[in-house]
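To keep things clear, I will list the structure first and then write my remarks on it.
The values are calculated or read from the model by the stated rules, or taken from the named source; none is laboratory data. Keep in mind that this is a model prediction, so the values were computed, not measured. Here the Cβ positions follow ideal geometry from the backbone for every residue, glycine too, while neighbour counts run over all protein chains shown. Heads up: the accessible areas ignore ligands, DNA and RNA and are worked out on the full protein's heavy atoms, side chains in. Shrake-Rupley method; radii C 1.70, N 1.55, O 1.52, S 1.80 Å.
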Amino acid sequence: MIDEKDIEQFAAQLGELGDDLLSLFLFGSMARGEAVAGYSDLDFWIFLETAVFHDEARFKIALQTVIDAHHQLAAQGIPV
């Protein structure tokens, strides 16, 4: 089961995007504290600066950062 430390680590990893990261929005049963072990997953939206999508190099960096953070959670056994 995910705990607050896992979410903080995930957010910190995404924080590497600097000003390109506008917001990280967690929602769903885990965010509400109603998760069911072995069934619930972590739901999140990531909002990036619009300019990221107009600059291929920035977009690739942002995409890789998000993928790496996602894989880090999955490697810890956290369903995402």
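Among the residues making up the stretch 8-41, a single one is within 13 Å of His70 (Cα to Cα), out of contact with any Leu (no Cβ under 7 Å at 6 or more places or on another chain) and hydrophobic (A, V, I, L, M, F, W, C): Ala12.
Of all residues in the stretch 1-17, those that are within 16 Å of Ile78 (Cα to Cα) have Cβ atoms under 8 Å from Cβ atoms of residues that are of a type in the set (A, V, I, L, M) and open to solvent by 70 Å² or more (accessible area, probe 1.4 Å), 6 or more apart or on another chain, in Met1/Ala37.
The residue that is nearest to the chain's Cα centre (by Cα), among those in the stretch 2-22 that are open to solvent by less than 50 Å² (accessible area, probe 1.4 Å) and among the small types (Gly, Ala, Ser), is Ala11.
Checked against the criteria, Leu17 does not count as of a type outside the set (Phe, Trp, Tyr) and in contact with a strand residue (DSSP E or B) (Cβ under 6 Å, 6 or more places away or on another chain).
Give Ala51, Ala57, Ala31, Ala37 a once-over and let me know the one that is aliphatic (A, V, I, L, M) and within 18 Å of Ala11 (Cβ to Cβ). After applying the criteria, what remains is Ala31. Looking only at the stretch 46-80, which residues are open to solvent by less than 80 Å² (accessible area, probe 1.4 Å) and among the hydroxyl-bearing types (Ser, Thr, Tyr)? Selection gives Thr65 alone. Only residues that are open to solvent by less than 90 Å² (accessible area, probe 1.4 Å), over 15 Å from Asp6 (Cα atoms) and in contact with a strand residue (DSSP E or B) (Cβ under 6 Å, 6 or more places away or on another chain): list them for the stretch 28-45, please. Passing the criteria: only Gly28.
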